[in-house]
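For reference, the structure discussed in these notes is given below.
Just so it is clear, none of the values below were taken in a lab; they were calculated from the coordinates. Remember, predicted model here, so these are calculated numbers, not experimental data. Every residue, glycine as well, gets a Cβ built from its backbone with ideal geometry; the counts of neighbours run over all protein chains shown.
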């Protein structure tokens, strides 16, 4: 069953994907401080990440972004707060923008993510289809009052933006 609009009407997301992505600026938080003894959702954004968020905010000013919606994870929220301060807009949190749920990965994380994105089932990782579904549900339900900045995470964003779209 696909997502529904605010009025409860079913939506064919594949046919609406281009429309849903219009006026959305996807932003991946800057590189966090990786702390293997803490869950990734609690990782902090270092000073350099905050500086980069400030610079990005200044470069986004001409786009007319009217609000920032962010993942609840600390590194994304910090980036969103900096962006919002620069842009003079409000920040809203939406759990559907969180990163892919997964356990700690020893070894080459980039290799595991690549396998995951190419369809390998990785034990303990949230299925790609589930990630795409929750991000599409966010896009369907978001207010349509102009451009928004969406602060999320690299793997989740890649799942959405690389999902098959039969409308293409």
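Observations, loosely collected:
- Residues 29, 153, arranged from fewest to most other Cβ atoms within 10 angstrom of their Cβ, appear as 153, 29.
- Listed residues 135, 56, 97, most fluctuating in the chain (Gaussian network, C-alpha, under 10 Å): 56
- MRE, 222 nm, helices only [DSSP H, n ≥ 4, -39500 (n - 2.57), over the chain, to nearest 500]: -12500 deg cm²/dmol
- Build a GNM of the chain with springs between Cα atoms under 10 Å apart, and of 148, 122, 27 the one that fluctuates most is 122.
- Ranked by how many other beta carbons lie within 10 Å on average, peptides 107-115, 136-144 from highest: 136-144, 107-115
- Normalised by the number of residues in segment 21-161, the mean separation of alpha-carbon contacts (under 8 Å, six or more apart) gives a relative contact order of 34 percent.
- In terms of its C-alpha gyration tensor, the chain comes out oblate, because a/c is 1.5 or above while a/b does not outweigh b/c.
- Note on the chain: GNM, Cα springs under 10 Å; of 84, 76, 58, the largest mean-square fluctuation is that of 58.
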